[in-house]
Each structure stands twice: as C-alpha cells, then as structure tokens.
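> So that we are looking at the same thing, I have put the structure below in structure tokens.
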There are 2 protein chains.
Amino acid sequence: METLTIGKVARLAGVGVETVRFYERQGLVEEPPRRASGYRQYPVETVSRIRFIRRAKELGFSLKEIRELLELRIDPKTTCEDIRRRADAKIDDIAERIATLRRMKAALERLTAACRRGRGPVSGCPILEALEDGEKS
Amino acid sequence: METLTIGKVARLAGVGVETVRFYERQGLVEEPPRRASGYRQYPVETVSRIRFIRRAKELGFSLKEIRELLELRIDPKTTCEDIRRRADAKIDDIAERIATLRRMKAALERLTAACRRGRGPVSGCPILEALEDGEKS
DNA sequence: CTACACCCGGTACCATACTACGGAGTCAAG
DNA sequence: CTTGACTCCGTAGTATGGTACCGGGTGTAG
C-alpha cells in the first residue's frame, strides 16, 4: 500500500507541513502510523481530506464544524437516528447559506445590469438592500 | 430624522458596542455625525449594514472582502466599467461557493437517505467523497 | 560515507476579528 | 440634583487558525 511522507501530503494538498501537523493536533486528520524513525506514513486519502478542510474553511465553517462534518458517517458506534439528526441540521445550515449567497449574487447581478444599460437610478448599496428581508436570527 | 445611539444600534444589530466602534475603525461603518457631547448619532440604516456584515462573515467573507462588497455601488467617483469588473469577480466567487455548498448538501442528503433505508453500504466519509471531483485551485 | 533535503517535537510568533477594562464625561428619570 | 445607565477614547487581552524557527535525527543519491 502506497504511503506518503508529511511533506508530500502537504505539497499535494497545497498547504505547509506545519499545517498538516496542526490539523492532526486539532483532530481533523487522524494520527498516521509511524515508521521506526518516527516519520509519519500517510495514506493517500489524507490529501483529499485536507483539501476538503480548506474548501470548507473558505465557506466559513470553523475547524470545529468541519470536524463534525467529517465525523458524519454510518458506523456501528453511533445510531442511525443520531447521524440523521446531525446531518439534517447541517443540511439546513447549508441550505440557508446557499439562499443568502443567492440573494447576494442576484443583487450584484442587478447592479451590473443597471451599469450596463447606462447607469440607471441604482444608488445606495444594492447588495445591502438585497438582504433587508430574509433575516432570521 | 431619527437617529440612534451606539448602544441602540448594537442591540438592534445583535452585536456589542465595542464591535460597532471596531467596524468603524475598519471602515465598514461610516463615521456618524456627533452631537456636542461627542456621542455618535447613527442613522437607522446602520443596523442593516451591521447585520449584513455579520451574515457575510458567517459565509466566510473576510472584513476586507465585505468592505469591497459594500463599496460596490454606482457613484460618480468610479467608472461603470470598473464597478462591473469588480462585481463580476464577486459574482463568480459567489457562484463557486454556491456550487461547492450544493455538492456538500447533496452528499449529506445521500447519507441521510442511505441511513433511512436501513444503513446501506455507506462507509468511509460521504461528504469528503462528494468533493473528490470539482477541484479547481 | 558525506552532503543535502527532509522529518521530529516544541515553542514562539503572527494576523484577523473581536472583547474587556479603565477613568472620565453625559443624559434623563425621579 | 443625584444616581445609574450610557457614552467617550485608548489600550490590552482573547480565540482562532495558522506560520516560523530551533536543534537535532533520518534517508538517499552520488
């Protein structure tokens, strides 16, 4: 089975070596087996895992939330009911983020449209107005 | 014209007084007029502005990016061309975030579906696998 | 068998985004 | 006209998420 050193994992995932070790300390990346010298031996999947972490982080999930997302899987240690409840909560959260982003996008599209056809009466701040409704917390 | 003290703005927007002043220092909230005593007099719109900042932050935008979003408007100081270019870049950014969130949501939905019909062969980490493709940076 | 890139753990430092504190002045209800 | 909540500014401290550096050991190509 193919394994990678920490440096290769880091390069493939587009992060620094220090970041990989940091994610390990945070419980986001499983502690890999070591060889006699103490060198970490990573399975190739670790690369995808780290790439996922980066993407989720860009979308505003905290490392704690990302850990929870990564723990969502069907295994014998947790009941199906429990997994479904937590996954459903995440789904709702994500749906709401998508809805808000869509409103922001629509507002910006109206702005560029107004711009294109000779600066209509768009003043004030359109993106801000787009979120006036739809408040919920 | 109705104005608000900093404390009222903060309460209505759901943040602390210190946060309002912090956003002012960061250029996210315009410096309001003061009365003779030095007290800030905010227009009511400031509340929406701060609520927008909070939402955008939850979606993973940095304060710097949020400032850029809030500056996108048609005014005489910038050319239409410039506004459109910057707005288009933000639109692309947002579209990509939406696409990634949709893939995450779909993965979680597959997980709960598998869960519901008596734990199928879903092992490993479905949300992670959902993003295996669609890499771009 | 040595050079050089790589890995080890530990600690210290950094940027971002707040949050708290202190000492003093202000406002309004009673 | 006092009292208590609110405001002022400045500075310092916190949490998160890394990033950098250290002295030392490891691995391998020439």
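Coordinate-derived values only; no laboratory data. Since the model is a prediction, treat every value here as computed from it, not as a measurement. FYI the Cβ positions are ideal-geometry reconstructions off the backbone, even for glycines, and counts take in every protein chain you see.
> Being assigned to a loop (DSSP other than H, G, I, E, B) and within 14 Å of DNA strand D (Cβ to nearest atom) is the filter here; which residues of the range B:26-43 pass it? Write out each step before concluding.
Going residue by residue through the range B:26-43, those that are assigned to a loop (DSSP other than H, G, I, E, B) are B:26-33, B:35-39, B:41.
Within the range B:26-43, B:Gln26, B:Val29, B:Glu30, B:Glu31, B:Pro32, B:Pro33, B:Arg35, B:Ala36, B:Ser37, B:Gly38, B:Tyr39, B:Gln41 meet the criteria.
> (1) within 12 Å of DNA strand C (Cβ to nearest atom); (2) closer than 25 Å to A:Arg54 by Cβ: which one isn't true of B:Leu69, the others all being true?
(1)
> Between B:Ile53, B:Ile74, which is away from DNA strand D (no atom under 14 Å from the Cβ) and under 21 Å from A:Phe61 (Cα atoms)?
On the way: B:Ile74 fails: under 21 Å from A:Phe61 (Cα atoms).
Answer to the selection: B:Ile53.
> Quick check on the range B:9-58: of everything there that is basic (Lys, Arg) and closer than 28 Å to A:Ala107 by Cα, which residue is nearest to DNA strand C (Cβ to nearest atom)? Write out each step before concluding.
The first filter runs over the range B:9-58 and keeps only residues basic (Lys, Arg), leaving B:11, B:21, B:25, B:34-35, B:40, B:49, B:51, B:54-55, B:57.
When the remaining residues are screened for being closer than 28 Å to A:Ala107 by Cα, the result is B:11, B:21, B:25, B:49, B:51, B:54-55, B:57.
Values: B:Arg11: 13, B:Arg21: 7, B:Arg25: 9, B:Arg49: 13, B:Arg51: 12, B:Arg54: 7, B:Arg55: 11, B:Lys57: 5 Å.
That would be B:Lys57.
> Got a number for residues in the range A:1-20 being under 19 Å from the mean Cα position of the chain (by Cα), near DNA strand D (Cβ under 9 Å from one of its atoms) and not aliphatic (A, V, I, L, M)?
Of the residues in that region, 2 qualify.
> Across the range B:72-106, which residue is nearest to A:Arg86 (Cα to Cα) among those that are in a loop (DSSP other than H, G, I, E, B) and more than 15 Å from the chain's Cα centre (by Cα)?
Going through the range B:72-106, the residues in a loop (DSSP other than H, G, I, E, B) turn out to be B:72-79.
Cutting the leftovers down to more than 15 Å from the chain's Cα centre (by Cα) gives us B:73-79.
Working: B:Arg73: 40, B:Ile74: 43, B:Asp75: 46, B:Pro76: 50, B:Lys77: 49, B:Thr78: 47, B:Thr79: 48 Å.
Checked the range B:72-106; the qualifying residue nearest to A:Arg86 (Cα to Cα) is B:Arg73.
> Of all residues in the range B:30-50, which are out of contact with any strand residue (DSSP E or B) (no Cβ under 7 Å at 6 or more places or on another chain) and more than 14 Å from chain A (Cβ to nearest Cβ)?
Hits for the range B:30-50 are B:Glu31, B:Pro33, B:Arg35, B:Ala36, B:Ser37, B:Gly38, B:Tyr39.
> Continuing with this model, one more query. Just to check your reading of the model, which residue among A:Val47, A:Val17, A:Val29 is among the hydrophobic types (A, V, I, L, M, F, W, C) and surrounded by fewer than 16 Cβ atoms within 10 Å (Cβ to Cβ)? Lay out the reasoning, then the answer.
Working: A:Val47 fails: surrounded by fewer than 16 Cβ atoms within 10 Å (Cβ to Cβ); A:Val29 fails: surrounded by fewer than 16 Cβ atoms within 10 Å (Cβ to Cβ).
Unique residue meeting the criteria: A:Val17.
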